[in-house]
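Enquirer: Dropping a structure here in structure tokens format, bear with me for questions.
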Amino acid sequence: MPRWSRQVLFGDIDAMFASAAVVKDPSLAGQPIAVGGPPPRGIIAAASYAVREFGVRSAMPTAEALRLCPQLRLIPPDRPLYRRLHDDMRAVTGRLFPATEWSSIDEFYVDTTDLQTRYPDPAVLARLVKQSIRDATGLTCTVAVATGKTVAKIAADASKPDGLAVVEPQLEAAFLFPQPLRALPGIGPKTAARLEPFGIRTIGGLLDPQWDRILVRLFGARLPWIRALAQGQDHEPVVADRESKSASHETTFEHDTADRAFLEELLRGFLRALARDLRQEDLAAGGCTVKLKDARFAMTTRQRRFAHPLNYDPEMWPTVQQALHEVMKPHTAYRLAGLALSPLVPAPPGLYDQRRSKAVQAMDAIIARHGAVIGLGGVADEDHE
Ligand SMILES: [Mg+2]
């Protein structure tokens, strides 16, 4: 199998908000549900595939959706649920990939060029991503792999729901040719409406020289760029978003808990992931903040500074643990726990000795590749403190 000079994987949860409602209440599976506000002023935020058959679409007024599909069950939006599922998805991509660009709450890009040695067949990697997200969240994700972001996105849109698409190098233009015009970024409904009377309905139509004059008039100086995109030439880089690199993480629990061991284990996991991000960015943290929200939604935080900036989690843990013990109140159940590391500073040289540094780097590389959480045998092992 030929090596791809560039490989981008795109993932998009199918009908995210509607699917999230089913995750929360499995009895809604297959039901004609949509998430949105009530009529007369409400708007549909997400339509399940069961109601899409009736023509119900997101951004449609709820009143109209109910006319099209009178048996439609309207579900109110549940932002904390979406947030939790998003965090769970981030945990999955954080485990599988060194860097992920989340372009929205349920869509992400990963540059997988360097993963080809481990996954020579991109379909195998795509299946792993789908399965991992499904296992972690119960949500189905359509995944597409291509040489650029645009083709990957269009391929995913064309393969929904629960799809898996691979557009091989050199086949981008052939894949795009029959796709609807509107699938191409930069072609909005107005532009499409102006092209359709000429019979230009597909992306391939944009390449036909007989329409040069019309296309030049419509796109002007943008035409060469549009035509390059229409052939799948797209060099836009995947840029890991800040949030995945931000040094904070929190989660809301299914059930409120007062279990200290559970909270310790949770924060320990957050710290491990955050410290790894810091090391990859060559950053260190000057301190930590532990945040707990109790069952009555009251928030308490405790801040602690490290003796000096750190990015090796076993050295940071005693301080984080102490902050957790200080912030926990007796006989109190919590619904949310979070950990933030700040301020972030460039990692001072010689933060840990050469031997440990090499071992930590090797561990990070293994974690990035295998998603396994492993300790450092023989080197200040975190599990033997
Ligand atoms: Mg989606």
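Enquirer: Each residue of the range 286-302 in turn: what ³J(HN,Hα) in whole Hz from Karplus with 6.51, -1.76, 1.60 and θ = phi - 60°, glycine and Pro shown as x?
Expert: Per residue, the Karplus-derived 3J(HN,Hα) values read x, x, 9, 10, 9, 10, 10, 10, 7, 4, 9, 6, 7, 9, 10, 10, 9 Hz.
Enquirer: Would you tell me the accessible area of Arg95, worked out with a 1.4 angstrom probe on the heavy atoms of the protein chains, in Å² to the nearest 10?
Expert: Looks like 100 Å² after rounding.
Enquirer: Would you mind computing the Rg to Rh ratio of the chain from its alpha-carbon coordinates, Kirkwood style for Rh?
Expert: So for the chain, dividing Rg by the Kirkwood Rh gives 1.03.
Enquirer: Which sequence of Ser132, Ser58 reflects their accessible areas, 1.4 Å probe, from the largest down?
Expert: My answer, sorted largest first, is Ser58, Ser132.
Enquirer: Per DSSP H run of at least 4 residues, take -39500 (n - 2.57); add these up for the chain, divide by its residues and hand me the 222 nm value, nearest 500 deg cm²/dmol.
Expert: Calculated mean residue ellipticity at 222 nm is -11500 deg cm²/dmol.
Enquirer: Let me have the relative contact order for the chain, percent, based on Cα pairs under 8 Å that are six or more residues apart.
Expert: 14 percent
Enquirer: Taking only Cα atoms, what is the 0 to 90° angle, nearest 10, from helix 260-281's long axis to the longest principal axis of the chain?
Expert: 70 degrees
Enquirer: Something else now. Please say if the range 172-230 is rounded, prolate or oblate, where rounded means a/c under 1.5 for a ≥ b ≥ c the square roots of the C-alpha gyration tensor eigenvalues, and otherwise the choice is prolate for a/b larger than b/c and oblate otherwise?
Expert: Taking the square roots of the gyration eigenvalues as a ≥ b ≥ c, the range 172-230 is rounded.
Enquirer: Still on this structure: Near the amide H of Ala46, under 5 Å away, which other amide H atoms are found, from residues 5 or more places off or on another chain, if H is placed in the peptide plane?
Expert: Amide H neighbours of Ala46, under 5 Å, 5+ apart: Val35.
Enquirer: Starting from the Cα gyration tensor of the range 104-173, take the square roots of the eigenvalues, sort them a ≥ b ≥ c, and report rounded, prolate or oblate (rounded when a/c is under 1.5, otherwise prolate if a/b is larger than b/c, else oblate).
Expert: It is oblate, given that a/c is not under 1.5 and a/b is not larger than b/c.
Enquirer: Next up: Quick one: accessible area per residue over the range 1-122, 1.4 Å probe, rounded to a whole number of Å²?
Expert: Per residue, the range 1-122 has 46 Å² of solvent-accessible surface.
Enquirer: Go through the range 129-144 residue by residue and turn each phi into a ³J(HN,Hα) via Karplus (6.51, -1.76, 1.60, θ = phi - 60°); whole Hz please, and just put x for glycine and proline.
Expert: 5, 4, 5, 5, 5, 4, 4, 7, 10, x, 8, 8, 10, 8, 10, 9
Enquirer: If you average the sequence gap of Cα pairs under 8 Å that are 6 or more apart and divide by the length of the range 172-230, what percent do you get for the contact order?
Expert: 39 percent
The values are calculated or read from the model by the stated rules, or taken from the named source; none is laboratory data. The model shown is predicted, which means the values in this text are computed figures rather than measured ones. Just the protein is used for accessible areas: all its heavy atoms, side chains included, with ligands, DNA and RNA removed. Shrake-Rupley method; radii C 1.70, N 1.55, O 1.52, S 1.80 Å.
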